[in-house]
Amino acid sequence: MRCKIISICLPKGGVGKTTTAVNLAASLAVAEKKTLLVDTDPFGASAMSLGFTPERIKAGISEVFNFTHSLDHAIHKTELEYLDFVPSNVNSIQRDDRFSKIAENRVVLKNALRGVHEVYDYIIIDCPPLMRGIVQNALTASTSVLMPVRCGHFALEAIAKLFKYVDYIKEIANPSLFIEGIVMTMYEANTKVTEISERELKLRYNKYLFKTTIPRNHMVTESTFYGKPVILYNVNSNVSMAYLELAYEIINKYREEKTAV
Ligand code: ADP
Ligand code: MG
């Protein structure tokens, strides 16, 4: 199978991007798909969710963008055999400044990933809530975009903006980019807020919605404290199951495409 590169993206903070990137990547790895998670958010939350303290990070996206190390050198092994990780270590103002300047060149990440394409089935990119620089790099390098939308967090405007931005990137840099889908996160059944969010999303974006929804569960925050994907913290929780289902929804889609060819 050709490597699929999926950017987890929405120009809004706190919607579940990092949680989805980490837990989808971990679920793909549990399904024995060789997966690389790349954190491009200078905030570096994916590292925390995987238990990487700054001392454990030997190189990261900062060196890749400075051209001081190849991506190979920034790849870290994780607790899961099939999951590797490139952390974001843009953790000073000077680095951030240089990083932003280099990220204006939209093909840096695409070129860096070229060297590891054959090694992975999936590359999952955790994006910051922006629509320029590093996100332009991520979308230029990607096969598709997955948008997490937090129920009750009015996100329709952010989705509409991102759809327009995807069209723009298709035009200028990556004609085959497509929307992988929209996944509802922090879903609470039988609440007014979820009901309204779901109705609005179905009205406008029905064909993009994943069947799987990700329930709200305190285990997500707890597992982050322990530096583990939720599947390694509590495999039986509804949220672990949901991320596995999301992974299988994606895997099956690509399997069907392959058999259709
Ligand atoms: P983003 O990367 O979009 O800013 P995060 O993934 O960091 O969003 O999530 C924002 C906050 O919501 C975090 O504190 C995270 O622990 C919490 N969170 C995310 N998903 C869930 C969930 N399914 N249930 C409960 N809390 C969640
Ligand atoms: Mg994040």
Cβ-Cβ under 6 Å, sequence separation 6+ or interchain: first residue in segment 28-40 and on the phi > 0 side of the Ramachandran plot, partner surrounded by fewer than 24 Cβ atoms within 10 Å (Cβ to Cβ) and assigned to a loop (DSSP other than H, G, I, E, B). Which pairs? E32/Y82
Among the helices (runs of 4 or more DSSP H) contained in segment 1-78, which hold 3 or more residues that are away from ligand 1 (no atom under 16 Å from the Cβ)? 17-30, 61-66, 71-74
Of everything in segment 127-141 that's among the hydrophobic types (A, V, I, L, M, F, W, C) and surrounded by fewer than 24 Cβ atoms within 10 Å (Cβ to Cβ), which residue is farthest from ligand 1 (Cβ to nearest atom)? M131
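I'd like the residue in segment 146-175 that is away from ligand 1 (no atom under 14 Å from the Cβ) and under 28 Å from K34 (Cβ atoms) and, out of all such residues, is surrounded by the fewest Cβ atoms within 10 Å (Cβ to Cβ).
First, pick out the residues of segment 146-175 that are away from ligand 1 (no atom under 14 Å from the Cβ): 154, 156-157, 160-161, 163-175.
With under 28 Å from K34 (Cβ atoms) added as a condition, the list becomes 166, 169-170, 173-175.
Values: V166: 22, I169: 21, K170: 14, A173: 16, N174: 19, P175: 8.
Looking at residues that are away from ligand 1 (no atom under 14 Å from the Cβ) and under 28 Å from K34 (Cβ atoms), I get P175.
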One residue from E188, E198 being surrounded by 11 or more Cβ atoms within 10 Å (Cβ to Cβ), charged (D, E, K, R) and touching a helix residue (DSSP H, G or I) at 6+ places or on another chain (Cβ under 7 Å): E188
Cβ contacts < 6 Å: first residue touching a residue at least 60 places away in the same chain (Cβ under 8 Å), restricted to segment 134-158; second residue among the acidic types (D, E) and assigned to a helix (DSSP H, G or I), any location; separation 6+ or different chain. Result? none
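The rows are residues; the columns are (1) closer than 22 Å to R132 by Cβ; (2) without any contact (Cβ under 8 Å) to a residue 40 or more places away in the chain.
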residue	(1), (2)
S62	yes, yes
F67	yes, yes
S70	no, no
A74	no, yes
Can you name every residue in segment 79-104 that is at pLDDT below 90, in a loop (DSSP other than H, G, I, E, B) and surrounded by 18 or more Cβ atoms within 10 Å (Cβ to Cβ)? N89, V90
Can you report the number of residues in segment 24-55 which are among the charged types (D, E, K, R), touching a Phe, Trp or Tyr at 6+ places or on another chain (Cβ under 9 Å) and within 11 Å of ligand 2 (Cβ to nearest atom)? 1
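Of all residues being within 17 Å of the chain's Cα centre (by Cα) and outside any helix (DSSP H, G or I) in segment 222-237, which is surrounded by the fewest Cβ atoms within 10 Å (Cβ to Cβ)? Just the residue, please.
K228
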Segment 7-23, subset within 22 Å of N89 (Cβ to Cβ) and in contact with a strand residue (DSSP E or B) (Cβ under 6 Å, 6 or more places away or on another chain), residue farthest from ligand 2 (Cβ to nearest atom): S7
Does segment 114-123 contain at least one residue that is among the hydroxyl-bearing types (S, T, Y) and surrounded by 15 or more Cβ atoms within 10 Å (Cβ to Cβ)? yes
Of the conditions (1) touching a residue at least 24 places away in the same chain (Cβ under 8 Å); (2) of a type outside the set (D, E); (3) within 16 Å of ligand 2 (Cβ to nearest atom), T194 fails just one. Which one is it? (3)
Scanning for something in a helix (DSSP H, G or I), within 13 Å of ligand 1 (Cβ to nearest atom) and of a type in the set (A, V, I, L, M, F, W, C), does segment 207-219 turn up at least one residue? yes
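The values are calculated or read from the model by the stated rules, or taken from the named source; none is laboratory data. Note that this is a predicted model, so its numbers are computed, not measured. All Cβ positions, even for glycine, are placed from backbone atoms using ideal geometry, and neighbour counts span all protein chains on display.
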